[in-house]
Amino acid sequence: MVLQTKYVEVKDQSLFIDNVNALSLVEKYGTPLYVMSEGHIRHQFNELKTLFLDKYDNVLPLFASKSFSCLQIYKIAKEYGVGIDCVSAGEISIALKAGFDPHKIYFHGNNKTISEIEYAIQNDVDHFVIDNFYEIECVEKIALKYNKTIFATVRVVPGIKAGGHGYIQTGHKDTKFGFSARHGVYLDAIQKIIDTQCIEFEGIHCHIGSQVFDLYAYVNAMQRFVKFAYEIYDKLGVMVTKINAGGGYGIAYTQNDEPLDFETITSEIMRTIEEGYAKRGWDMPMVLIEPGRYVVGNAGVTLYTVGAIKSIPGVRTYVSVDGGMTDNIRTALYDADYDGIIVNKAEEEKTTQVTISGKICESADILIKEIKIAKPEPGDIFAQFSTGAYHYSMSSNYNQITKPAVVFTYQGKEKLVIRRQTFEDLTYFDEENEY
Ligand code: LLP
């Protein structure tokens, strides 16, 4: 079986993540359990560094931390010299707690609240990806109050449809994000920024969508962005000195997925911008990218214990595990596909076609719609692969299910990074007040 990363491998009748036996992790930490291969995460961060940050002048890769946000990930990111994309004051607070340089944090989001803007500015976060007219007013007021200068990239919707599912497409006309390129709306936004005293216009930001496999979508987006840069210069007299090309690089969840190569995407992005700028005799702008899933997606393995098995003759066999849509909402939400194996039968023949379901009180609580596995029995340990991005970060306590622990593995060792929630945690925020 070919797994999506060399850090996760089947050998000696079991599954190993960074050479740590998954069954020993189950014995120590129980299930469900999120396991993250730090080996894979470091490998990916190293690609951002060597194949982008060190390869080109005046670039910065950002890690889109909504894909997996916790203290440990920001600490690792810091080591590679990358910046981060934060989408809430909560994410910023964790990044700062991890010691991240606030000047390398880019604050995104389509409805940053006043208190979030205030929190960011008070804490020296000075790069904002400006999303709407109301935000310009709020940022201006708050920056003036604290006597700070904010550097703005303006999110422009290029009018491109790309991405794995309708819910994760962001580059087309009908989106809540950013300023439309139609009717010159983005030009009005940039003029408004130029007219402020404390927001400095630097450039434009693009994110076409997530789980993208189409190289041409990136090239096309950048061609349009070069045209926007021309237009901004011609109509407003300012140079675009920064282009953020966004993230969205697709990864392989199953063997049907054919991800693009990181170097191919980034070199096409750079080439397209370079050619466009050269036509005007301009120097390259600073270029940013911001992948999230690409860094952490294939690092994750979720380990579950098999419980009830229900066969409906002629229909399907449900194999229920001790987690579900509370730790993985992606199948229910995006119809996502996954691969997996029974760990304690890792090298047995896959003879049984099943549906992996969870224990949540919802019919949509499916983890894998169709998969062939070794004959399942209660007590087996099932591993679901490629669960590193948007799993822990989108987890919930629905049905008062406690969130699983997160364990990182690296070079044959393991460490607990987030402890399993307890019943105590479930009532931690409950108050017993009188009227
Ligand atoms: N930049 C911006 C502005 C974004 O909105 C996103 C993701 C990224 C970068 C990173 O995208 P990535 O490289 O991770 O694809 N929960 C969904 C994905 C939502 C993505 C939201 N924005 C999923 O599980 O597929």
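Taken together, the values in this text are just the output of simple stated rules run on the coordinates, not laboratory data. All of these numbers come straight from a predicted model, not from anything done at the bench. Note that we place each Cβ from the backbone using ideal geometry, even for glycine, and neighbour counts take in every protein chain shown.
Under 5 Å between amide hydrogens, which residues at least 5 positions from Val417 or on another chain qualify, with H placed 1.01 Å from N in the peptide plane?
Under 5 Å from the amide H of Val417 lie the amide H atoms of Val406, Val407, Phe408, each far enough along the sequence or on another chain.
Where in the chain are the helices, taken as whole DSSP H runs, whose Cα atoms extend 24 angstrom or more along the long axis and whose Kyte-Doolittle mean reaches at least 0.0?
In the chain, the long hydrophobic H runs are 215-236.
Take Val295, Val287 and order them by how many other Cβ atoms sit within 10 Å, fewest up front.
Val287, Val295
Calculated from DSSP H runs of 4 or more alone, at -39500 (n - 2.57) each and per residue, what is the 222 nm mean residue ellipticity of the chain, nearest 500?
Rounded to the nearest 500, the figure is -8500 deg cm²/dmol.
Taking the Cα centre of the chain as origin and charging only Cβ (+1 Lys, Arg; -1 Asp, Glu), how large is the dipole, in debye to the nearest 20?
It works out to roughly 440 debye.
When Lys and Arg each count +1 and Asp and Glu each count -1, what net charge do the other residues less than 9 Å away from Lys369, Cβ to Cβ, add up to?
So the surrounding residues net to -3.
Run the numbers on the range 273-373 and let me know its relative contact order in percent, using alpha-carbon pairs under 8 Å that are six or more apart.
Value for the range 273-373: 23 percent.
Taking the simple approach of a point 7 Å from Cα along Cα-to-Cβ for both Gln400 and Ile194, what is their distance in nm?
5.9
Return P(r) of the range 268-381 (all Cα-Cα pairs; 5 Å bins starting at 0; whole %; ordered from short to long distances).
2, 10, 17, 18, 13, 8, 5, 4, 5, 6, 6, 4, 2, 0
Nothing charged except the Cβ atoms of Lys and Arg (+1) and of Asp and Glu (-1): what's the magnitude of the dipole of the range 108-291 about its Cα centre? Round to the nearest 20 debye.
My answer is approximately 520 debye.
Which whole-number percentage describes the relative contact order of the range 108-291, with Cα contacts under 8 Å and a sequence gap of 6 or more?
Computed over the range 108-291, the figure is 19 percent.
How much length would be gained if the chain were fully extended between Lys369 and Gln353, taking 0.36 nm per residue of separation minus their Cα-Cα distance, in nm to one decimal?
Separation in residues times 0.36 nm, less the Cα-Cα distance, equals 4.8 nm.
Can you compute 3J(HN,Hα) from phi for each residue in the range 346-361, using the Karplus curve 6.51 cos²θ - 1.76 cosθ + 1.60 with θ = phi - 60°, rounded to whole Hz and x for Gly and Pro?
Listing the rounded values in order: 4, 10, 7, 5, 8, 10, 10, 8, 9, 10, 8, 10, x, 10, 8, 7 Hz.
With unit charges on the beta carbons (Lys and Arg positive, Asp and Glu negative) and the dipole taken about the Cα centre of the range 108-291, which residue among Ile251, Phe179, Phe262 sits farthest to the positive side?
The one lying farthest along the dipole's positive direction is Phe179.
Find the centroid of the Cα atoms in the range 18-96 and in the range 177-204, then give the distance between the two in whole Å.
Here the answer is 32 Å between Cα centres.
Which of the lysines could a cross-linker span from Lys97 if the Cα-Cα distance has to be under 27 Å and same-chain partners fewer than 8 positions apart are dropped?
Reachable lysines: Lys49, Lys66, Lys75, Lys78, Lys112, Lys141, Lys145, Lys148, Lys403, Lys413, Lys415.
Give me the net charge for the shell around Ile194: Cβ to Cβ below 13 angstrom, other residues only, Lys and Arg +1, Asp and Glu -1.
So the surrounding residues net to -3.
Can you figure out the FRET efficiency of Tyr318 with Lys413, using R₀ = 41 Å and their beta-carbon distance, to the nearest 0.05?
Step by step, r from the Cβ atoms, then E = 0.65.
What number, in nm² with one decimal, is the all-direction average of the projected area of the convex hull of the alpha-carbon atoms of the range 183-283?
7.5
Compute and list, largest first, the equivalent-ellipsoid semi-axes of the range 108-291 from the alpha carbon gyration tensor, each √(5λ) rounded to a whole angstrom.
28, 20, 14
Could you list Val20, Val156 in order of exposure, starting from the residue whose Cβ has the fewest other Cβ atoms within 10 Å?
Final ranking by Cβ density, sparse to dense: Val20, Val156.
Determine one quarter of the surface area of the Cα convex hull of the chain, which equals its mean projected area, and express it in nm² to one decimal.
Average of the hull's projected areas for the chain equals 23.5 nm².
Evaluate the relative contact order of the chain (contact order divided by residue number), counting alpha-carbon pairs under 8 angstrom at least 6 apart; express in whole percent.
19
Between the range 239-277 and the range 141-159, what is the separation of their alpha carbon centroids in Å?
25
How do Thr422, Thr305 line up, fewest other C-beta atoms within 10 Å first?
By the 10 Å Cβ count, ascending, the order reads Thr422, Thr305.
Please give the net charge around Glu268, taking every other residue with its beta carbon less than 12 angstrom from that of Glu268, where Lys and Arg add +1 and Asp and Glu add -1.
Charge balance in the 12 Å sphere: -4.
So which residue, out of Ile105, Ile92, Ile371, gets the largest mean-square fluctuation from a GNM of the chain using Cα contacts under 10 Å as springs?
Ile371
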